[in-house]
Amino acid sequence: MKKQRIVVKIGSSSLTNDNGEIDQLKFNDHVDALAMLKNIGHEVIVVSSGAVAAGFSRLGYSSRPVTIKGKQAAAAVGQSLLIQSYIERFSKHAVVPAQILLTRLDFSDRERYNNAFAAMSELLDRGIIPIINENDTVSVEELTFGDNDMLSALVSGFLHADQLIILTDVNGIYTSNPRIDPDAVRLTHIDEITDELLGGTDEQGSKVGTGGMRSKLLAAKTAHTLAVPVFIGTGYGPTKLLDILKGHGDGTYISSPLSHVINTKRQWIALHSESTGRLYVDKGAETALLHNGCSLLPAGVFKVQGSFEVGEVVEVYGIEGLIGKGEVTYSSEQLRETIAERGRQQEEFTPMIEVIHRDRWVQI
Ligand code: GLU
């Protein structure tokens with residue numbers, strides 16, 4: 001089998017028990033399977049939940065805390081216990097893990113985003129398994145990734161993974177909730193995540209984790225747009241991840257329609273950047289952007305809103321509304337001057353360099 005880059009997401013309930021401790025049997029089962037994947041030559045990245053779930057009992061809580069400070073404190077205790085367990089178990093397979101704790105700000109700040117990419121690439125080149133979690137102790141609630149399902153999808157796109165495997169307690173996606181509907185049918189293969197499918201899933205996660213099936217499907221939808229195929233399901237034993245890769249997993253496979261890699265810069269623009277202004281473009285420019293694969297030229301822009309600098313990201317509005325986002329090669333001031341200049345010398349106006357280059361444009 002060709003060497004692949006695989007992101008494996010493991011949820012809190014797959015790593016810990018309801019009492020707030022790491023479940024050593026389940027934990028070792030995952031680590032042994034991860035190590036097997038790594039030792040046969042694949043690149044492996046783990047997105048591991050479980051920090052809050054593994055830490056709360058040592059803080060004296062009888063169940064997962066609900067206050068922000070309680071969760072943050074539990075995560076601080078649990079994350080170190082988790083990573084200690086990863087180091088110990090991986091060492092039996094001569095595998096070295098590395099801990100990476102991210103916040104959404106690390107993705108929205110372009111420099112930090114690029115640094116995270118460089119560091120993770122270096123770790124992978126050196127044969128290390130990055131173990132990623134949200135930095136729950138310092139995350140601000142309104143500014144989180146949502147949950148680790150979504151984080152795993154973003155990481156998969158970011159690292160151009162060949163496969164995202166979301167391990168959970170349920171063996172795949174069903175047409176409705178199998179816990180309450182005896183007629184629920186399991187889907188072994190999905191080409192597209194429709195609203196109907198999302199409507200049939202449960203928002204509730206487990207007692208110790210956060211994401212339910214709905215959050216897994218939403219994450220899969222994001223991975224889908226980033227050209228990463230996804231598996232959602234379960235497994236047991238050291239060969240379980242290998243079996244999943246070979247197409248024999250107990251769960252649902254979600255294919256990706258895109259065969260090409262989505263470059264990291266465009267992913268950043270689409271998913272992480274904050275827009276600092278708006279451009280309104282005419283019909284010709286809209287068609288050129290949406291249907292002809294062109295860049296946006298100054299001639300197509302008739303109105304500029306907001307204040308932005310060269311290299312920032314703006315939203316682009318066509319006749320009907322928002323059509324996309326892109327990184328500008330003009331500041332708002334330069335662009336306003338260009339539009340005013342065009343008004344003065346209507347006949348002779350020649351387009352200057354593009355306002356948004358094609359490679360820095362994403363359609364919405
Ligand atoms: N980051 C959280 C933790 O480690 C889990 C988030 C999730 O379950 O999605 O406890």
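The values are calculated or read from the model by the stated rules, or taken from the named source; none is laboratory data. This is a predicted model, so every value here is computed, not measured. Ligands, DNA and RNA are excluded from the accessible area calculation, which covers all protein heavy atoms including side chains. Shrake-Rupley method; radii C 1.70, N 1.55, O 1.52, S 1.80 Å.
How large is ³J(HN,Hα), in whole Hz, for each residue of the stretch 38-53 in order, when computed from phi with the Karplus curve 6.51 cos²θ - 1.76 cosθ + 1.60 and θ = phi - 60°, using x for Gly and Pro?
Using θ = phi - 60°, the values come out as 5, 6, 9, x, 7, 8, 10, 10, 10, 10, 10, 8, x, 5, 5, 5 Hz.
How far is the Cα center of the stretch 8-47 from the Cα center of the stretch 58-115, in Å?
For the stretch 8-47 versus the stretch 58-115, the Cα centre distance is 14 Å.
For a quick check of understanding: with a 1.4 angstrom probe and all protein chains in place, what accessible area in square angstrom does L290 have, to the nearest ten?
Rounded to the nearest 10, the figure is 40 Å².
For the stretch 72-188, report the accessible area per residue in Å² (1.4 Å probe, heavy atoms, rounded to an integer).
On a per-residue basis, the stretch 72-188 sits at 45 Å².
Give me the percent relative contact order of the chain, please, defined on Cα pairs under 8 angstrom at least 6 residues apart.
Computed over the chain, the figure is 15 percent.
What lysines sit close enough to K2 to cross-link, taking a C-alpha to C-alpha distance under 26 Å and skipping anything fewer than 8 places away on the same chain?
Once the sequence-local lysines are set aside, what remains near K2 is K38, K92, K221, K240, K246.
Among DSSP beta bridges whose residues both lie in the chain, state the antiparallel percentage, nearest 5.
Of those bridges, close to 45 percent are antiparallel.
What order do V314, V170 take when sorted by accessible area (1.4 Å probe), most exposed first?
Output order, biggest surface exposure first: V170, V314.
Could you please state how large a percent of the accessible area of the chain is carbon and sulfur, counting protein chains only and using a 1.4 Å probe?
50
So what is the diffusion coefficient of the stretch 261-364 in µm² per second by Stokes-Einstein at 20 °C and 1.002 mPa s, using a Kirkwood Rh over Cα pairs?
158
Find the relative contact order for the stretch 55-155 and round it to a whole percent, using C-alpha pairs within less than 8 Å whose residues are 6+ positions apart.
Relative contact order, the stretch 55-155: 27 percent.
When the chain is treated as a GNM, springs tying every alpha-carbon pair under 10 Å, which of V328, V66, V31 comes out with the largest mean-square fluctuation?
V66
Hey, what number do you get for the chain at 222 nm if only DSSP H runs of n ≥ 4 count, each worth -39500 (n - 2.57), divided across all residues, to the nearest 500?
-10500 deg cm²/dmol
Which ³J(HN,Hα) values, rounded to whole Hz and listed in residue order, are derived for the stretch 266-279 from phi using the Karplus coefficients 6.51, -1.76 and 1.60 in 6.51 cos²θ - 1.76 cosθ + 1.60 with θ = phi - 60°, glycine and proline given as x?
Once θ is set to phi - 60°, the couplings for the stretch 266-279 become 6, 4, 5, 4, 5, 10, 10, 6, 10, 7, 10, x, 9, 10 Hz.
Using the Karplus curve 6.51 cos²θ - 1.76 cosθ + 1.60 with θ = phi - 60°, work out ³J(HN,Hα) for each residue of the stretch 128-135 in order, rounded to whole Hz, and write x for Gly and Pro.
8, 9, x, 10, 9, 9, 5, 7
With a 10 Å cut-off between alpha carbons and a GNM built on the chain, which of I129, I353, I83 moves the most?
Looking only at I129, I353, I83, the largest GNM fluctuation is found for I353.
Order the following by accessible area, largest value first: H357, H291. Probe radius 1.4 Å; ligands, DNA and RNA are ignored.
H291, H357
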